[in-house]
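What follows is calculated from the coordinates using simple rules that are stated; it is not laboratory data. None of the values given here were measured: they were computed from a predicted structure. No Cβ is skipped: glycine too gets one built from the backbone with ideal geometry, and neighbour counts run over all protein chains shown.
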Amino acid sequence: MSAITMRELTKVYPGGVQALDALDLEIADGEFFALLGPSGCGKTTLLRTIAGLEVASGGSVRIDDRDVTNLPPGKRDVAMVFQDYALFPHMTVQENIAYPLRIKKVDRRSRAAKAAETADELGLSALLERRPGQLSGGQQQRVALARAMACHPQVFLLDEPLSNLDARLRLEARTFLKRLQRELGVTTVFVTHDQAEALALADRIAVMEGGRIRQVGTPTEVFRRPANTFVAGFIGSTPMNLVDATVRGDELHVAGVRLPLPEGAHAQVTDGESLVYGVRPEYLDYSPTPVPGALTGQVVVVENLGSFSLVSLDVPDETAADDGAPAGTGHAGSSAAAAGGAAEAAGTSVQVVVAEG
Ligand code: ATP
């Protein structure tokens, strides 16, 4: 068992930067867990604090029933793979993989056997005598993983594990990493700023902002039910449309369109309330000819993205649209998926994904 529990975890760097702000988080045993968020939100600090490479300024970290908050890294039974892999350039692949075992004073013969076994599991057997400088980025990454695996740690910590690989290799390595984690079943926490990577790999994701966690959930939950407009805007390959709306009786008035309030929403809103309506570009349909009752706007940009185009429309704001029919050439209808949250971000630009063909 190796669940990780953080309570009111706080990190203030010398100079006063608060990187973690009384953060609570539980990661289950065997989970593949992503820390996701924009640059500077505290992902790496959180990972390094779990590893013991940063000392917490307050709060606690537990791995199972052990409070590890004040333990040095070597006593935590965790292995970290760094973004740049941090391999020893003068050592062979075999020596790199065996290094942690040497530190643990495992005898030479057992070290070699264990390194060979781990290398075999990661498809590195033919490379044991090479040095890191003679390996591709993907191979170096596997050596770094092998070195982390060799000691059978309770927890794997991966800092942006795929960011040094080119796009094609990254996809391959993603699949490989997911399979490996499934096979090993080791609790794994990885940091990424790439939401597609988090959605593809993780069992659950913590979306962070400013040293705090804005939402924890499965990829489906954070994608379909973002808890706030920050998460709604951050998750998704094309950002969610966030449009000002007003509750009017049983309806929601959104940029001149009247939508029935979603089921169950009545209890959460009051008549006349202003809120933000969120709908993903891929959940809207697009028609170049007028559709009665549909959101109407002026097409301003069409971006060809290969198998689909992203059409950007300027739509009149809610008040203007309520007063009269807007002129325009683009029409989007069949909306779905509302996102709640405070009215902190809204605009009159709406994007629609239009499949080719
Ligand atoms: P990125 O995706 O850019 O790596 P991140 O989400 O991992 O960002 P952190 O590296 O954890 O963010 O940094 C969180 C905050 O703490 C940032 O404001 C950063 O500038 C600050 N910070 C990080 N390391 C230190 C340090 N050693 N001393 C002072 N401030 C630091």
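Calculated FRET efficiency, Asp285 and Glu221, Cβ-Cβ r, R0 25 Å, to nearest 0.05? Let's see the in-between values first.
Working: r = 25 Å, r/R0 = 1.00.
Efficiency at R0 = 25 Å is approximately 0.50.
Along the stretch 179-188, what does the Karplus equation 6.51 cos²θ - 1.76 cosθ + 1.60 (θ = phi - 60°) give for ³J(HN,Hα), rounded to whole Hz, x for Gly and Pro?
5, 4, 5, 4, 5, 7, x, 8, 3, 10
Have a look at Gly210, Gly236, Gly249 and tell me which one the Gaussian network model of the chain (Cα, springs below 10 Å) gives the largest fluctuation.
Most flexible of the set in this elastic network: Gly249.
Ordered by residue, what ³J(HN,Hα) values in Hz, to whole numbers, does the stretch 86-95 give under the Karplus form 6.51 cos²θ - 1.76 cosθ + 1.60, where θ = phi - 60° and Gly and Pro are x?
6, 7, 7, x, 8, 9, 6, 4, 4, 5
Taking the Cα atoms only, what angle lies between the long axis of helix 108-121 and the longest principal axis of the chain, rounded to 10 degrees?
On a 0 to 90 degree scale, this one is about 30.
Quick one: longest stretch of the chain between exposed loop trypsin sites (Lys or Arg not before Pro), exposed meaning at most 11 other C-beta atoms within 10 Å and loop per DSSP? Don't skip to the end; give the middle numbers.
Working: sites that count: Lys104, Lys105.
My reading of the result: 106-357 is the longest stretch.
Where is the GNM fluctuation largest for the chain (alpha-carbon springs, 10 angstrom cutoff): Ala146, Ala196, Ala119?
Maximum among the listed residues: Ala196.
Using Stokes-Einstein with the Kirkwood hydrodynamic radius over Cα pairs, what translational diffusion coefficient do you get for the chain at 37 °C and a viscosity of 0.692 mPa s, in µm²/s rounded to a whole number?
D = 143 µm²/s.
For the stretch 297-311, just list the computed ³J(HN,Hα) in residue order, Karplus coefficients 6.51, -1.76 and 1.60, θ = phi - 60°, integers in Hz, with x standing in for Gly and Pro.
Calculated HN-Hα couplings, in order: x, 9, 6, 10, 9, 10, 9, 8, 10, x, 7, 8, 10, 10, 9 Hz.
List the GluC sites (Glu not before Pro) within the stretch 117-183 that fall in a DSSP loop (any state other than H, G, I, E or B) and whose Cβ has at most 14 other Cβ atoms within 10 Å. Show your work: numbers first, answer last.
Numbers: sites: Glu117, Glu121, Glu129, Glu172, Glu183; in loops: Glu129.
Passing both the DSSP loop test and the Cβ count: Glu129.
Determine the dipole magnitude for the chain: charges of +1 sit on the beta-carbon of Lys and Arg, -1 on that of Asp and Glu, nothing else is charged, the reference point is the Cα centre, and the result goes in debye to the nearest 20.
For this selection, approximately 2240 debye.
Mind checking which of Ile63, Met240, Ile27 is farthest towards the positive end of the chain's charge dipole, using Cβ charges of +1 (Lys, Arg) and -1 (Asp, Glu) about the Cα centre?
The one lying farthest along the dipole's positive direction is Ile63.
Can you give the % of DSSP beta bridges in the chain that are antiparallel, to the nearest 5? Provide the component values of the computation, followed by the final result.
Values: 51 of 69 bridges.
If we restrict to bridges inside the chain, about 75 percent are antiparallel.
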